[in-house]
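The values are calculated or read from the model by the stated rules, or taken from the named source; none is laboratory data. Bear in mind the structure is a predicted one, so any value in this text is a computation, not a measurement. Cβ placement follows ideal geometry from the backbone for every residue including glycine, while neighbour counts extend to all protein chains displayed. Accessible surface is based on the protein model in full, side chains and every heavy atom, while ligands, DNA and RNA are left aside. Shrake-Rupley method; radii C 1.70, N 1.55, O 1.52, S 1.80 Å.
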Amino acid sequence: MVGAPSWTASEHYDVTAKASSDTTVNQMEGPMLQALLQERFGLKAHREIRVLPRYELRVVEGTPKLRPSVEGSCRQYVKDAQPNMASNGKPTVPICGLHRTEEGPSRRLEGKGVTVADLAASLSHSYNTDLNSVVVDATGLSGGFDVSLQWTNDVDVTASATGLSAAPSLPTALREQLGLKLERSKGEVEVLVIDHIDRPEAN
């Protein structure tokens, strides 16, 4: 995201919205959320493809340490359906994908049926890694994997990955726990350009 004023990175807002019972997740996260941002923040934006620095996620020489998921061990999260599709409480079969937990500076990603593209996208998010850069999948691996990755948040991805400590940096954790590595590159990245945005008025 580029072009946003500094206050968008520091000010926090509570958003309360209500949708009808037959509304799908795709509708809420797509056109309905966009309409809310346009109405309350006057948001105007567009997408562009730019050539920017990024990271490529690659396999360390040898065999990756990713464990293929057992078929049927998780169920796909269907966005084009009502969000309350599962029974009350936790579903008997976990939803495929990554789940994030934090403990102070520590980060953990856990999940079943995770593609490497899913992992790369999650590592791109600043709330997971603070890499401040897009991560793309360059492993050539396909299929779903059971992933368990734990590290200490560290933006210095050029640090040497030597040995696994109790709180490893992200490069060390990727190498030692999953057999993957981050490499700096430059390539096409989709960016959201903020053309206009206002602080919302009080309700």
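What is the number of the single condition among (1) on the phi > 0 side of the Ramachandran plot; (2) open to solvent by 80 Å² or more (accessible area, probe 1.4 Å) that residue 51 does not meet?
The single condition residue 51 does not satisfy is (1).
Are any residues in segment 105-150 within 18 Å of residue 185 (Cα to Cα) and in a strand (DSSP E or B), and if so, which ones?
Listed by number, the residues that qualify are 135, 136, 137.
Kindly check whether there is at least one residue in segment 59-78 that is touching a residue at least 40 places away in the same chain (Cβ under 8 Å) and acidic (Asp, Glu).
Taking every residue of segment 59-78 in turn, none turns out to be touching a residue at least 40 places away in the same chain (Cβ under 8 Å) and acidic (Asp, Glu).
Evaluate the following for residue 147: is it at pLDDT below 75 and surrounded by 13 or more Cβ atoms within 10 Å (Cβ to Cβ)?
Considered against the rule, which asks whether it is at pLDDT below 75 and surrounded by 13 or more Cβ atoms within 10 Å (Cβ to Cβ), residue 147 comes out as no.
Could you please tell me which pairs satisfy a Cβ distance under 8 Å, a separation of 6+ or placement on different chains, a first residue in segment 115-134 that is open to solvent by 10 Å² or more (accessible area, probe 1.4 Å), and a second residue that is polar (S, T, N, Q) and in a loop (DSSP other than H, G, I, E, B)?
Here the result reads 115/142; 124/133; 126/132; 130/153, each pair linking segment 115-134 to a residue that is polar (S, T, N, Q) and in a loop (DSSP other than H, G, I, E, B).
Each row is one residue, and each column tells you yes or no for (1) in contact with a Ser or Thr (Cβ under 8 Å, 6 or more places away or on another chain); (2) within 26 Å of residue 118 (Cβ to Cβ).
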residue	(1), (2)
5	no, no
20	no, no
25	no, yes
30	no, yes
33	no, yes
44	no, no
51	no, yes
64	yes, yes
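I'm trying to understand the selection: among the residues of segment 182-198, which are closer than 15 Å to residue 133 by Cα and either of a type in the set (Asp, Glu) or in contact with a helix residue (DSSP H, G or I) (Cβ under 7 Å, 6 or more places away or on another chain) (or both)?
Initial filter on segment 182-198 (closer than 15 Å to residue 133 by Cα): 182-192.
The answer is 182, 183, 188, 190.
Hey, can you tell me all the residues within segment 1-33 that are in contact (Cβ under 8 Å) with a residue 40 or more places away in the chain, open to solvent by 80 Å² or more (accessible area, probe 1.4 Å) and within 20 Å of residue 190 (Cα to Cα)?
1, 29
Restricting to segment 88-114, name every residue that is open to solvent by 50 Å² or more (accessible area, probe 1.4 Å) and at pLDDT 85 or above.
108, 110, 112
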